[in-house]
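One structure below.
The values are calculated or read from the model by the stated rules, or taken from the named source; none is laboratory data. Quantities reported herein were computed from a predicted structural model and do not represent experimental measurements. Note: ideal-geometry Cβ built from the backbone for every residue, glycine included; neighbour counts use all protein chains shown. Accessible surface is based on the protein model in full, side chains and every heavy atom, while ligands, DNA and RNA are left aside. Shrake-Rupley method; radii C 1.70, N 1.55, O 1.52, S 1.80 Å.
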Amino acid sequence: QCLLSGSWRSDTGCRMIVFALGKDGSFSGSYLPGPAAGNSEILTSPLKGSQQDAELVPQPIFSFTVHWKLQETSRTTAFLGQCYVGTNGEETLHALWLLREAADSPAEDWKATR
């Protein structure tokens, strides 16, 4: 069974800490990007999300958002993924993400999402 709560580190050095899961699958925590982010002004930022009931699904799907703490701009990233348990019992997360920056106008909207 895969449990999302705890500390996680990505291949790029990002660190995510998920506090205890609520009975409804909701969770909160904090996220700190690794050196690959290339932006030293990014601070530990809050995250909020939800996970499928791990008692019903042994390798649950999850989603969460991170609202970045930045001085000059506004950014939010949405993550969507699944928690897997390998044959050795090790838990791993696989996720996709979209980062959205605030755009100054509708004409700039095209470059605001990565």
Do we find that PHE79 is buried (at least 17 other Cβ atoms within 10 Å of the Cβ) and either out of contact with any Cys (no Cβ under 8 Å at 6 or more places or on another chain) or in a loop (DSSP other than H, G, I, E, B) (or both) in this structure?
yes
Cβ pairs under 7 Å, 6+ apart, first in the range 91-106 and in contact (Cβ under 8 Å) with a residue 12 or more places away in the chain and open to solvent by 90 Å² or more (accessible area, probe 1.4 Å), second of a type in the set (D, E, K, R) and assigned to a helix (DSSP H, G or I)
none
Among (1) in contact with a Cys (Cβ under 7 Å, 6 or more places away or on another chain); (2) open to solvent by 70 Å² or more (accessible area, probe 1.4 Å); (3) free of Cβ contacts under 8 Å to residues at least 60 places away in the same chain, where does ALA54 come up short?
(2)
